[in-house]
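Okay, structure first, notes after.
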């Protein structure tokens, strides 16, 4: 049985590739989805397609609307949502995605470094697992799908 | 991952073909659906199949019921609904479809000429994107699915 | 795009075969489902599998439970539900199925002879189409799926 | 805590009054609702308000639509739906209401004479209780609300 | 039992007052809700509260967002939605409201002059009643709530 | 049409294999899913992947969260849920799964030895069928899918 | 703002009274609901009202159906569900209620002695709080409603 | 008609008081709800009631669970959710609440200083209004409820 896993959040490290490569290495029947991770494209997609805006606020709005077509649709189709919080930036959209997925009843895995534990406590509480490394996410997938534990 | 896109609204120009041809040109994994666009068939399907009516009101009702089997089912199955308002006719069924899709939580793209901006403001507000040309819809699809921007 | 059509109700005439054969003749992409139509098996499945009951009421209850596994599941998966009322028997389970499907928001086609019009008025009102012959149902399917009218 | 109980079905005996009087006698905190039980008004409400129809089919349709405003709204608001099948008439609307309520997840009590047991087996299976007399319905309400058994 | 009725659509005639006054005259237990009907306020609320916009499109967007807080909330709370189409303007927001309410499963009454019958056929089909005068709406309410027919 | 059947509950006898083998013998189009049935892996998956815990309570919590990713997802995807109660252990998670599936509107089959009838009466009442042997479950599947009764 | 709290599970100690008395002592705006806690009445309500059954299985079924009218309705209306596991009996209906409430998205508090921690780990994982004493439940209510911590 | 408005987010300025006082000054029929805003109590409620934890992670988890009973319940009951982002801290729980409310279909107002516009663009896009001051929120409420614009 195939699983669809949405990878939300931080876009400046290679955590998605680590999970995808690790899953392929185990031949897990998982289809990964996620947001557009090209930061510039993501910021400018609205005006690039629909025309320039004089105000940065509406420039952002147009782009956010188009990105939401992708992110909402793919989150709604996912069996499982992994949300990664990195060490930089506000990352409010990651937290928004976590709330959105939680309200839809999706299983959540939150992935973050230990220093975020206190600030993320409400989001961790909504999750079925809290991991620190993308390798742990692969191990969770292998266990959840195949019943296989590492080692 | 395949996307299903319902194309609602205006039936007197070739906007659906422009979107479909454009998407095929980019090999987008999209399945397009929509209403029956043969105006005469759409108007008369009820009485053609289920028998004539003396009253035009019931003639219309019978047809509208059968068309609704198609439109409601396909809107409910769609990931994304594009609603086109042209320059002629009342087009209340297009606006109805937009409201129907919005209440189901579907992503909406509204496509209309600039002169309709004020009259369509409530519907535009419910949309994730407001476009003026069918080519823009193709560009949105390409970005949303592949993360690729035009140009 | 495939359609799944549940054929509920009367089991003593060949109306299901007429619809299925007619649809195959037009190569419609429809998968038909329905209840078990072997009357004796349907009545006795509960006790045949789970053991005899001294009371007819519980004999019936056991069978109805097992039949409900099939009927509820297939109605929930259907895009369209056709309910046929024949000229004999109480047929309360047909009316129950119609109500069940209506509450789930399924499109309904009701199929019955003209003499039932008054008695079925509430159910006809909940339907998108009211037909008198199974051939009309095939024509509706052909129109709804392909936009093709008869003749 | 107040309970709202919808009384669906047969309109030619005084079963609703028996339940209401019995509940008042026990001071049960129940608000009873139900369809319009004036048969003639129920049949003619559509044309009386919205204008005559030449065809009986559409005469009935208009009335059924208006009655559905009441019945659907009140069933949706009910905590519990009681459906009575009498000894006469087709009573397909009663069975439809039972199916409608079942799909909404409402608790159902079915009330019918023993001779209907086989014909109503699918509907009885969807119910939490099957009663033969309106007095039993009052006893169920008293137990469900107050934990009090008869005698 | 109280009913909540949302009155959507046309804002340039006194149809809401006719319905409200008529209902009060019959002491119907109905609470009426609706959009802000002050056209200028409705158009400008966004910029009046949140600051001016250079572009009319965003001026409209800001206002439409605030109006949607009211209209969506009140439609979701309504038992019944009445949508009035007048003789002027595009009235696409009325049709949007009808679609929105239909997808939520609300009972709909559509109110319009006979000349709109063909253009509104899809929306009329989604309704439980189609009226021509506000007085008919009052009569429907009186019947639906009290079982009383006019005359 | 394929069926997905979740097999919940007791993990110390071979009842799942009996059902799967029996279904394969009849070539039933069923995909079976279930929890991880390796007791030790199930107990320790949390700490094995996410790190040791000093407290047994949190050791258990971590594992239960990961197991819930699998069990909740697969129950939500199932057409039918079979819950087996054996003769040993508390088996509260089996009862929890039954309640979870019931609230989602899934068809339930409860499988247990006769001595549990009184203790399981609330759960049996929520089920469409109560069986005593896994062979009976295979017979139910054969009937529900193919309309075929044993013998 | 009033809270409705359903108290499910063990019926042989006075834990419900402790919670209710404690809440009254703090004047908490809470309405408590729960099952019928008279064990004999709960077991026999079906046959006492609807007539004797020769088979204990159906005797139990009739009672379980009537009790479910109460328990399902009240759980669905609750803001918060507390489930108590005592030291005796199977208590499968308590675990069923927990699963049922969890699938409805209700907040859960599980109340049990420490020796049940391992056996209840899946149910504890689904809960927002795991308490050992009814006094702790009162303290949770006081904090959740008033923001007041003990001491 | 009463409105229930949940005030989520920043707890270190008096923005909630400004909104509440302003609404009282206009006699708006609004009931405001929100999280526990005593930071220390909110952090420690879990261990204060349910016992100390050696690990800060589980200390936080216990508290987050109890706070979630309040926040989830009150957000689900709200007609409108206002989320305030201040100038300090991560405020991921505010963003989580916004996502949670958006997925439930609640109307959202986001309140933040202009410097957060880019970082909050996805969340602003999900909102019906973006305000900079609590006074604007009061004006929105006055308009939405009474149709009254400022000045």
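Nothing in this text is a laboratory measurement; each read-out follows from the coordinates by a stated rule. In this text, all values refer to a predicted model and were calculated from it rather than measured experimentally. Note that each Cβ is placed from the backbone with ideal geometry, even for glycine, and that neighbours are counted across all protein chains shown.
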Check: Taking the Cα atoms only, what angle lies between the long axis of helix G:92-103 and the longest principal axis of chain G, rounded to 10 degrees?
Finding: 60
Notebook entry, point to check: So how do D:8, C:23 line up by other beta-carbon neighbours within 10 Å, fewest first?
Noted result: C:23, D:8
Margin query: Please rank G:85, H:32, A:57, E:96, fewest neighbouring Cβ atoms within 10 Å first, as an exposure proxy.
Written below: A:57, H:32, G:85, E:96
Next item on the list: Fewest Cβ neighbours within 10 Å first, please rank A:130, H:81, A:148 accordingly.
Entry: A:148, A:130, H:81
Check: How big is the C-alpha Rg of the protein assembly as shown next to the rule-of-thumb value 2.2 N^0.38 Å, as a ratio?
Finding: 0.91
Next item on the list: Quick one: grab the alpha carbon gyration tensor of region E:1-76, order the square roots of its eigenvalues as a ≥ b ≥ c, and give me rounded if a/c is under 1.5, else prolate or oblate depending on whether a/b is larger than b/c.
Entry: prolate
Next item on the list: Using Cα pairs closer than 8 Å and at least 6 residues apart in sequence, work out the relative contact order for chain B, in percent.
Entry: 26
Check: Against the longest alpha carbon principal axis of chain B, how many degrees, from 0 to 90 and to the nearest 10, is the axis of helix B:15-25 turned?
Finding: 40
Notebook entry, point to check: Let a ≥ b ≥ c be the square roots of the eigenvalues of the Cα gyration tensor of region A:79-144; is it rounded (a/c under 1.5), or, if not, prolate (a/b larger than b/c) or oblate?
Noted result: oblate
Next item on the list: Calculate for chain A the 222 nm mean residue ellipticity that helices alone would give, adding -39,500 (n - 2.57) per DSSP H run of length 4 or more and normalising by residue count, nearest 500 deg cm²/dmol.
Entry: -15500 deg cm²/dmol
Check: Counting partner chain Cβ atoms within 10 Å of every residue's Cβ in E:22-31, what's the average?
Finding: 0
Item checked: Radius ratio Rg over Rh of chain H, counting only Cα atoms, Kirkwood formula for Rh -> 1.00
Checklist line | Whether region D:60-104 is rounded, prolate or oblate, judged on the alpha carbon gyration tensor where a/c under 1.5 counts as rounded | finding: oblate
Margin query: Given contacts defined as C-alpha pairs under 8 Å and at least six residues apart, what's the relative contact order of region F:71-149, whole-number percent?
Written below: 25
Notebook entry, point to check: Across peptide C:75-83, what mean number of C-beta atoms from other chains lies inside 10 Å of a residue's C-beta?
Noted result: 2
Next item on the list: Within 10 Å of each Cβ in peptide A:38-46, how many partner chain Cβ atoms are there on average? Round it to a whole number, please.
Entry: 3
Notebook entry, point to check: In degrees between 0 and 90, to the nearest 10, how far off the longest principal axis of chain D does helix D:39-50 point, with axes built from Cα atoms?
Noted result: 40
